[in-house]
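Trainee: Would you mind keeping the following structure in view while I ask a few things?
Values in this text are rule-based calculations from the coordinates and carry no lab data. Note that the structure is a prediction, hence the values are computed from the model and not measured. FYI the Cβ positions are ideal-geometry reconstructions off the backbone, even for glycines, and counts take in every protein chain you see.
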Amino acid sequence: MFRTVLVAVSAAALAACSTTVKEAPGGGGPAAAAEVMNLSIRNVSGSATAEKVTPEVVNSLAEAIRIELGGGATGGPPADLSFVVSDYRVVGNATRFMVGALAGSNRMTVDVTVKNPSGKVLRQFSVTRSANTMGVGAFMNQKGSLIGQTAEAVAKTVRGEK
């Protein structure tokens, strides 16, 4: 009985987290990804159109992306990365504690544009990170975790990793 419950809870936890990357039409696509994998990202900037996104969230995401990219490939062509947080939701800790997984998923969608120094768009894509931390989320930094996971997905996409 305990084993069945443990397997069901584990399966629900794994199914409750996902990252989706969508290439923008005409935004370079996977073929162009090979051309831009070795870019040296010199600048990361962001903004938001989603409600409830504070400057702290935008700044934290920009810094997390910088860290994940590690300054880009040394010696690679320079590029700038900009993003717009177009969807954002983090369930409060009290709500998460009271209703757990039923409170819904935390999520963030970031629309990313990578340009060369002259402003030519090299690549455009969107990253959507969704995670339902269930009741455990009441005891963790849900916002920080969502920002970190989204930044990691952006960096992997820029580098051409899956």
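Trainee: Under 20 Å Cα to Cα from LYS120, which aspartates and glutamates show up? Leave out anything in the same chain fewer than 8 places away.
Mentor: GLU23, GLU35, ASP80, ASP111
Trainee: Which of the lysines could a cross-linker span from LYS143 if the Cα-Cα distance has to be under 18 Å and same-chain partners fewer than 8 positions apart are dropped?
Mentor: Correct list for LYS143: LYS52.
Trainee: For PHE83, PHE125, what's the fewest-to-most ordering of other Cβ within 10 Å of each Cβ?
Mentor: Placing the least packed residue first, the sequence is PHE125, PHE83.
Trainee: If Lys and Arg each add +1 and Asp and Glu each add -1, what is the summed charge of the other residues whose beta carbon sits under 15 Å from the beta carbon of ALA24?
Mentor: Neighbourhood net charge equals +2.
Trainee: Listing LYS156, LYS52 from the residue with the fewest other Cβ atoms within 10 Å to the one with the most, what is the order?
Mentor: LYS52, LYS156
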